[in-house]
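The values are calculated or read from the model by the stated rules, or taken from the named source; none is laboratory data. Every value quoted in this text rests on a predicted model; they were computed, and no experiment measured them. So basically every Cβ, Gly included, is an ideal-geometry build from the backbone, and we count neighbours across all protein chains shown. Accessible surface areas use protein heavy atoms only, side chains included; no ligands, DNA or RNA. Shrake-Rupley method; radii C 1.70, N 1.55, O 1.52, S 1.80 Å.
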Amino acid sequence: MYKLVKPLFFTMDAETAHHRVTGGLKTFHRVWGAKSLLKQAFSLNDSSLEREVFGLKFKNPVGLAAGFDKNAEFVEEFASLGFGFVEIGTVTPRPQMGNDKPRMFRLPKDGALINRMGFNNQGVEVAAMRLKYFTNRNGLIIGGNIGKNKDTPNEEAVNDYLICFDKLFDVVDYFVVNVSSPNTPGLRDLQEKGPLTLILNALQKQNRLKEHSKPILLKIAPDLTDSQLDDIVDIVKETNIAGIIATNTTISREGLYSEEALISEAGGVSGKPLAYRSTEVIRYLSEKSNRSFPIIGVGGIYSAAEALSKMQAGASLIQLYTGLVYRGPGLVKEICKQLVK
Ligand SMILES: Cc1cc2nc3c(=O)[nH]c(=O)nc-3n(C[C@H](O)[C@H](O)[C@H](O)COP(=O)(O)O)c2cc1C
């Protein structure tokens with residue numbers, strides 16, 4: 001089915017196609033009987049798929065990566081497509097437009113995307129309100145990916161993360177601190193040990209004030225050096241956060257076959273070219289830490305085989321973005337089926 005409609009969507013600009021697909025899914029989901037039809041076609045329920053990770057029970061280990069549903073508009077629809085968890089965001093305290101369009105590009109020859117969205121989102125309050133009214137969760141785990149506004153200086157970034165944390169606290173199951181997007185100028189400087197420890201400690205302090213604290217994870221870039229990854233292992237221990245999401249998009253252009261004009265678009269590369277490096281990062285962190293914290297593996301998962309290799313490298317859960325664009329929603333069930341086997 002997706003093979004039939006994909007060529008039509010691929011004639012559109014990538015971001016327009018994204019909105020048509022998600023909008024169409026939402027409209028269809030409202031039709032009587034559509035929800036159970038989608039569930040039947042795309043979901044796989046099997047107790048062997050269940051996972052308990054950082055204290056949460058996941059129906060299956062396949063999640064929707066951040067960025068696909070930035071404003072928490074389609075959470076129920078993605079649950080019907082078989083995902084065990086959905087990560088909304090990145091949200092920022094105040095709404096922001098993001099970078100000028102076009103800002104998302106397909107590289108079909110590479111099975112990749114380049115994006116420089118720049119945290120376009122409607123603001124944390126809008127996302128929190130939508131999630132508040134989504135009560136029929138049926139075991140779906142929801143993550144809240146949080147960031148800072150573009151015009152907030154790095155020295156004040158901690159306040160933005162704290163605002164998002166507080167506003168989402170009652171409506172998400174876990175948090176992700178995003179300091180690894182290449183599209184907000186200076187953001188990735190926050191991955192350095194000093195500022196990162198400060199942000200994570202402040203969030204953990206706030207977390208401890210709550211009646212029941214929630215898992216906080218850190219999402220990292222694939223472009224970190226080994227010594228920066230060693231720092232990350234130390235920081236996880238020192239701040240006692242729940243785990244790592246590896247990885248975000250890469251600024252590297254290595255090994256791409258597409259036309260020069262496309263490759264030279266600014267932004268982060270996702271999809272197939274990222275698969276090897278993100279798995280390498282997962283393995284490195286897993287070995288260096290003696291598997292002492294959970295890792296969510298993301299980056300170039302196009303097949304059940306790639307999902308399995310991320311898990312063998314040390315990932316407890318995995319997430320999809322670009323694979324969904326190129327392979328369609330059937331990929332979730334394909335991975336789950338293989339995991340059951
Ligand atoms: C268009 C687009 C927007 C994204 N937006 C976000 C975001 O807002 N926050 C975030 O943490 N990651 C974001 N990502 C990164 C993905 O969550 C994921 O880490 C990355 O794309 C690698 O996975 P993939 O190869 O399966 O796409 C975005 C990716 C794409 C392609």
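Per residue, how much accessible area does region 162-310 have with a 1.4 Å probe, in Å²? List each step's numbers first, then the result.
Values: 6190 Å² over 149 residues.
Normalised by residue count, the accessible surface of region 162-310 is 42 Å².
If I model a spin label at residue 292 and residue 202 as a point 7 Å from the Cα along the Cα→Cβ vector, what separation in nanometres do I get?
2.6 nm
Within region 242-338, which chymotrypsin sites (Phe, Trp or Tyr not before Pro) sit in a loop by DSSP and count at most 15 neighbouring Cβ atoms inside 10 Å?
Numbers: sites: 257, 276, 284, 302, 321, 326; in loops: 257, 302, 321.
The qualifying sites are 257.
What is the distance, in nm, between label points placed 7 Å from the Cα along the Cα-to-Cβ direction at residue 5 and at residue 226?
The modelled label-to-label distance comes out at 4.7 nm.
Evaluate 2.2 N^0.38 Å with N set to the residue count of region 191-341, then give the Cα radius of gyration divided by it. Walk me through the intermediate numbers first.
On the way: Rg = 16.6 Å, N = 151, 2.2 N^0.38 = 14.8 Å.
Region 191-341 yields a ratio of 1.12.
If you take the Cα Rg of region 248-296 and divide it by 2.2 N^0.38 Å, with N the number of residues, what do you get? Don't skip to the end; give the middle numbers.
Details: Rg = 13.9 Å, N = 49, 2.2 N^0.38 = 9.7 Å.
With N residues counted in region 248-296, Rg over 2.2 N^0.38 Å equals 1.44.
Tell me, what is the 1.4 Å probe accessible area of residue 189, in Å² to the nearest 10?
Approximately 90 Å² of residue 189 is accessible to the 1.4 Å probe.
What is the count of Lys pairs in region 37-172 whose alpha carbons sit under 24 Å apart, if the two are 8 or more places apart or on different chains?
Within region 37-172, the lysine pair count is 21.
Calculate the dipole size of region 133-288 relative to its Cα centre from +1 charges on Lys and Arg beta carbons and -1 charges on Asp and Glu beta carbons; express the result in debye to the nearest 20. Please report the intermediate quantities before stating the final value.
Working: 17 positive and 22 negative charges, 117 e Å.
Its charge dipole is roughly 560 debye.
Just to be sure I follow: if Rg is taken over the C-alpha atoms of region 269-341 and Rh is the Kirkwood radius over the same atoms, what is Rg/Rh? Can you show the working numbers first?
Working: Rg = 11.9 Å, Rh = 12.2 Å.
Expressed as Rg/Rh, it is 0.97.
In the Gaussian network model of the chain, springs joining C-alpha atoms below 10 Å, which of 77, 306, 259 carries the largest mean-square fluctuation?
Taking springs between Cα atoms under 10 Å, the residue moving most is 259.
Given a 10 angstrom Cα cut-off, can you work out which residue in 303, 264, 292 is the most mobile in a GNM of the chain?
264
List the chymotrypsin sites (Phe, Trp or Tyr not before Pro) in region 17-61 that DSSP assigns to loop (not H, G, I, E or B) and whose Cβ has at most 13 other Cβ atoms within 10 Å. Which are they? Please list the in-between numbers first.
Values: sites: 28, 32, 42, 54, 58; in loops: 32, 54.
When the chymotrypsin sites (Phe, Trp or Tyr not before Pro) of region 17-61 are filtered for loop state and at most 13 Cβ neighbours within 10 Å, 32 remain.
Which whole-number percent of Cα pairs in the chain have a distance greater than 38 Å? It would help to have the intermediate numbers written out before the result.
On the way: 4606 of 57970 pairs.
Pairs farther apart than 38 Å: 8 percent.
So for the chain, averaging the separation of alpha carbon pairs under 8 Å that are six or more residues apart and normalising by length, what relative contact order in percent results? Could you put the intermediate results ahead of the total?
Values: 663 pairs, mean separation 60.3, N = 341.
Relative contact order, the chain: 18 percent.
For the pair residue 154/residue 13, report the inter-label distance in nm, with labels modelled 7 Å from Cα in the Cβ direction.
Going from the residue 154 label point to the residue 13 one covers 3.2 nm.
What is the magnitude of the charge dipole of the chain about its Cα centre, with +1 placed on the Cβ of each Lys and Arg, -1 on the Cβ of each Asp and Glu, and no other charges, expressed in debye to the nearest 20?
Working: 42 positive and 37 negative charges, 241 e Å.
So the dipole magnitude of the chain works out to roughly 1160 debye.
Mean residue ellipticity at 222 nm from the helices of the chain, using -39,500 (n - 2.57) per DSSP H segment of n ≥ 4 over the full residue count, to the nearest 500 deg cm²/dmol? If you can, show how the numbers build up before the last one.
On the way: 13 runs with 140 residues, N = 341.
Calculated at 222 nm, the ellipticity per residue is -12500 deg cm²/dmol.
Between region 194-263 and region 301-341, what's the alpha-carbon centroid distance in Å?
If we compute the Cα centre of each part, the gap is 21 Å.
So if R0 is 41 Å, what FRET efficiency would residue 135 and residue 251 give, r being the distance between their Cβ atoms, rounded to the nearest 0.05?
Working: r = 40 Å, r/R0 = 0.98.
In this case the efficiency is close to 0.55.
Using the Kirkwood formula over every pair of different C-alpha atoms, what hydrodynamic radius in Å results for region 1-154? Before the final figure, lay out the partial values.
Numbers: mean 1/r = 0.0586 Å⁻¹.
Over region 1-154, the inverse of the mean reciprocal pair distance is 17.1 Å.
Once Lys and Arg get +1 and Asp and Glu get -1 on their Cβ, which of 38, 313, 303 lies farthest toward the positive end of the dipole of the chain?
In the chain, that residue is 38.
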